[in-house]
Amino acid sequence: MADFRMPDINKVSLAGNLTRDPELQYIASGTPLCKLGLAVSRKFKTKAGETREDTVFINVTTWRGTAEFCGEYLKKGQPVLVEGRLTMNEWEDKNSGQKRSSIEVTAERVQQLSWADRGGQGGGDQGGGGQGGGEGYSSAPKPRVIEEPIPEDDIPF
C-alpha cells in the first residue's frame with residue numbers, strides 16, 4: 001500500500017497598510033533585516049445587512065535587499081503587498097518563565113501599492129533590491145517589487 005501525503009505548502013499573500021515605520025536592523029553577520037507591522041482588513045455584511053470590518057495585525061520580517069528597500073522607502077500607513085511564508089518564533093518569557101510563541105510572515109517579496117505620498121515627483125530607483133541601478137521614475141512610476149530567497153542559515157532563530 002502506497003503512502004499518499006498532501007504536499008507541504010507554506011505560502012501567503014497579504015495586502016494591507018503598514019502600522020508603523022519599518023525598523024531596519026543588521027544581524028551580527030551584517031545581513032540586513034527589517035521588521036514591519038501590517039494591518040489587513042476584510043469588510044463583510046452581517047445577516048442583518050450591517051457592514052462590518054475585521055482587521056488582523058501581522059508582524060512581517062524581510063531580509064537583505066528587500067529589508068533595505070523597506071527601511072528606506074516604506075512608511076507607516078502605506079499600502080503594500082507582501083508575499084512570503086509563515087514562520088513560528090518560540091521563546092521563554094523572562095518575567096513569568098512561561099513558553100511563548102508567535103506566528104509571523106517572513107517576506108520574500110514586498111511591493112508598494114500606492115504612489116500618493118510621492119506627490120508625482122520622481123526619486124532614485126535602486127532596482128533589484130538596492131543592488132543596482134540608478135534608473136529614475138517616469139511620470140507614471142511603476143511599483144517597486146523586491147524579491148529575494150532567504151537562506152535558512154541566515155535566520156537567527
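The values are calculated or read from the model by the stated rules, or taken from the named source; none is laboratory data. Keep in mind it's a predicted model, so treat the numbers as computed, not measured. Positions of Cβ are backbone-derived with ideal geometry, glycine not excepted, and every protein chain shown enters the neighbour counts. For accessibility, only protein heavy atoms count, side chains too; no ligands or nucleic acids. Shrake-Rupley method; radii C 1.70, N 1.55, O 1.52, S 1.80 Å.
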Scanning region 9-19 residue by residue, those under 12 Å from the mean Cα position of the chain (by Cα) and not polar (S, T, N, Q) turn out to be Val12, Leu14, Ala15, Gly16, Leu18
Qualifying residues in region 20-31 (those that are assigned to a strand (DSSP E or B) and within 23 Å of Phe57 (Cα to Cα)) - the one farthest from the chain's Cα centre (by Cα) = Gln25
Tally, over region 64-99, of residues that are basic (Lys, Arg), out of contact with any Pro (no Cβ under 7 Å at 6 or more places or on another chain) and touching a residue at least 24 places away in the same chain (Cβ under 8 Å) = 3
For Tyr73, all conditions in the list (1) open to solvent by 40 Å² or more (accessible area, probe 1.4 Å); (2) under 17 Å from Arg109 (Cβ atoms) hold save one; what is the number of the exception?
-> (1)
Is it the case that region 43-59 has a residue that's in contact with an Asp or Glu (Cβ under 6 Å, 6 or more places away or on another chain), surrounded by 14 or more Cβ atoms within 10 Å (Cβ to Cβ) and either part of a strand (DSSP E or B) or of a type outside the set (A, V, I, L, M) (or both)?
-> yes
Of the criteria (1) touching a Leu at 6+ places or on another chain (Cβ under 9 Å); (2) modelled with pLDDT of 95 or more, which one Ile27 fails | (2)
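Every residue, every condition in (1) touching a Lys or Arg at 6+ places or on another chain (Cβ under 6 Å); (2) at pLDDT 55 or above; (3) among the aliphatic types (A, V, I, L, M); (4) not in a helix (DSSP H, G or I), yes or no:
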| position | (1), (2), (3), (4) |
| --- | --- |
| Ala67 | no, yes, yes, no |
| Val82 | no, yes, yes, yes |
| Leu86 | no, yes, yes, yes |
| Gly97 | no, yes, no, yes |
| Ile103 | no, yes, yes, yes |
| Thr106 | yes, yes, no, yes |
| Arg109 | no, yes, no, yes |
| Ser114 | no, yes, no, yes |
